[in-house]
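Only the coordinates and a few stated rules stand behind these numbers; no lab work does. Predicted model, so just to flag it, every value in this text is computed and none were measured. Every residue, glycine as well, gets a Cβ built from its backbone with ideal geometry; the counts of neighbours run over all protein chains shown.
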C-alpha cells in the first residue's frame, strides 16, 4: 500500500489528489440549465484546495477560521436561494474541505477512498432513493438495525472473561455464535431476495462454510423448522457448506505447518469431493422447482429467539468440552481433539499444526486429530439438524456426513498418513 501511494507522498502529489477529488465531487453538483444556482465544480475545486492549503500550513487556528468561513459562505448561498430544497450540496462542500485537508496528511489513502465514496453517493441520488424507499421494506430496515445492534451495541459491552465451572461460560464467545446464527438468516434472506433463490442460497452456503459451519447448520435447521417444504433444498446447501470446512481446515493448518496441510490434502480433499457429491446425490433434485421453498425458508432477515436457543445449546456444549478437557486433557492428542472438535474444529486444527511445527507431535497424529475433531463436530451438527423436526432434512445431513467421513477413512486406510514431515 505504501508503494501505491509513493507518487503522492510529496506536497505536490497531495495537492493533485485534493484537486482531483474536488473535481469528482463538484462534477455531481454542477447546476443544470434552468435550475436554481448552487455551488459547482469551480467552487468545489477551490474548497478542496483551501483544505489542502490549511493542511500544508499546519496552523490549527487558520484551519478553523477557513472551515468556519467556508461554512458561512455555503450557508449564505443556501439562504439566498429559498427555492432550493435540501442541504446536500452544502454538506458535500464541507466534506470536500475535510477530504482536501486529509489529502495533505498521512491519511491521504483514506481521503481518496472517502472522496470516491462521496462522489458515488452524490451521483446515485435516484438509485439510493429508490433502493431505500422501494427495495428495502420497513421490516427489513428495522431487522437490519437489530442485527447491527447485536454486533456493535451488545457485543462490545459483554465481559471478555470466562466464568462458571471449568470456565465454560464465555459471554463473548457465546454471543459471537448467536451473531453467526443470526447472520445465516440475514445473509440468506438478502441473497435469495436479490439473486436467483437457488443460487442465492448456495452462495450463502459458501459464505457460511467459510465463517462457521456449525452456525450455518443451526441457522439452516431453524429455517427448515419454520418452512418444512424447504427441507431438501436446505439440506443441499448445508452439505455444500460443510464440505467447505475441510479446505478451510487445510488453509488454517498451512499457516502454521505447511507439512501438515500437504499431508492432509488427500484425505481432506476426498471428504470435500464426497460432500459435494453427496449434496447432489441426496438433494440434487432441489433445483429451479424449489425456488419458492428456498425463498420462503428465509422469511425474515433477522430472527433473534431461535439464535438465542442455539446459544444456550452452544453454552451447554462448551461446558461439556471444558469438563472433558479438564478430566481427559492429558489423555493424548486424539482424546483432546475429539473433545475440542465438539465445538470448534479451527482451534483444534491450529493447535495440532503448531504442535507439529514445534516438533512436539508428528504429522500422522495431527491429521488423524483433525479428522477426528471434524467427525465429532459433525455429530454435534447432526444433532442441530435434528432440531428441525424434518426427517427429509436431518436424515440427508447425517447421510452426507457419513459419506464424507467414509471417503476420508478410505483414503487414510489406502494411502496412509506419514508420521514425519514430507520430503
Prolate/oblate/rounded label for region 78-147 (Cα gyration tensor, a/c 1.5) | oblate
FRET efficiency for residue 75 and residue 155, using Cβ-Cβ distance with R0 set to 45 Å, rounded to 0.05 | 0.70
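Decide, for region 138-415, between rounded, prolate and oblate: order the square roots of the alpha carbon gyration tensor eigenvalues as a ≥ b ≥ c, take rounded if a/c falls under 1.5, and otherwise choose prolate if a/b is larger than b/c, else oblate.
Working: a/c = 1.97, a/b = 1.26, b/c = 1.57.
Oblate shape, in that a/c is at least 1.5 and b/c is the bigger or equal ratio.
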With a 10 Å Cβ neighbour count serving as the proxy for reagent exposure, in which order, fewest first, do 117, 265 appear?
-> 117, 265
Roughly what angle does helix 345-357 make with the longest principal axis of the chain, taking Cα atoms, 0 to 90 degrees, to the nearest 10?
-> 80 degrees
If you line up the long axis of helix 138-149 against the longest principal axis of the chain, both from Cα atoms, how many degrees apart are they, to the nearest 10?
-> 70 degrees
Could you work out how far apart the two model spin labels at residue 255 and residue 65 are, taking each label as a point 7 Å from the Cα in the direction of the beta carbon, and quote it in nm?
-> 5.2 nm
What nm distance separates the two modelled labels at residue 166 and residue 124, each placed 7 Å from Cα along Cα→Cβ?
-> 4.9 nm
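How do 125, 193 rank when sorted from fewest to most other Cβ atoms within 10 Å of their own Cβ? Walk me through the numbers before you get to the answer.
Working: 125 12, 193 15.
Ranked by crowding around the Cβ, least crowded first: 125, 193.
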Report the residue, chosen from 98, 402, 263, that carries the largest GNM mean-square fluctuation when the chain is represented by alpha-carbon nodes joined by springs under 10 Å.
-> 98
Using only Cα atoms, tell me the angle between helix 108-123 and the longest principal axis of the chain; keep it within 0 to 90° and round to the nearest 10.
-> 80 degrees
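What list do you get for 345, 238 if you sort them by fewest beta carbons within 10 Å? Mind dumping the intermediate values first?
Details: 345 28, 238 33.
Fewest-to-most Cβ neighbours within 10 Å comes out as 345, 238.
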Mind checking the full-extension length gain between residue 305 and residue 11? Use 0.36 nm per residue of separation minus the Cα-Cα distance, one decimal, nm.
-> 100.3 nm
So for region 6-132, what are the equivalent ellipsoid semi-axes in whole Å, largest first, each being the square root of 5 times an eigenvalue of the Cα gyration tensor?
-> 25, 18, 11
